[in-house]
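Below: one structure, written as structure tokens.
Please treat every number below as a calculation from the coordinates, not as lab data. All values reported here derive from a predicted model rather than from experimental measurement. Here the Cβ is made from the backbone with ideal geometry for all residues, glycine too, and neighbour counts use every protein chain on show.
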Amino acid sequence: MGVHVGYTHWGLHMTFDHGALYHHIHRRDYQAMLHQLTHTAPGVQIHLGTPVRAVQPDPAVVGGPSVTLASGEVLYTDLVVGVERQEHVAEARHRAQ
């Protein structure tokens with residue numbers, strides 16, 4: 001899919017220390033993957049131009065990870081992608097549980 005551009009010795013250490021592989025991906029490729037998924041994966045909700053008041057990332061907290069919007073609405077989700085624009089507005093993209 002991509003071109004090998006370098007090597008990072010973290011691979012095995014990341015798996016051992018964090019239980020997951022380490023992958024380095026270019027921002028543009030990552031954005032393209034997320035864009036495709038938001039249009040093809042079931043249950044995806046996109047909230048553009050939505051100010052975020054708080055993010056609670058801990059899955060051990062009752063209800064799991066959540067995002068509280070400026071309106072007070074709380075979104076419970078398994079994935080949040082926040083984007084800060086020049087206007088300092090965070091956008092929350094999430095897949096509803």
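Rounded to the nearest Hz, the phi-derived 3J(HN,Hα) couplings of the stretch 53-61 under the Karplus curve 6.51 cos²θ - 1.76 cosθ + 1.60 (θ = phi - 60°) are 8, 7, 10, 10, x, 6, x, 7, 6, where x marks glycine and proline. Restricting the stretch 1-67 to chymotrypsin sites (Phe, Trp or Tyr not before Pro) that sit in a DSSP loop and have at most 16 other Cβ atoms within 10 Å of their own Cβ leaves Tyr7, Trp10, Tyr22. Put simply, the amide H of Arg53, placed in the peptide plane, has neighbours under 5 Å in Thr68, Leu69, Ala70, leaving out anything fewer than 5 places away on its chain. Proximity of backbone amide H atoms, modeled 1.01 Å from N, is registered between Val81 and Arg93 at under 5 Å, excluding neighbours fewer than 5 places apart on the same chain.
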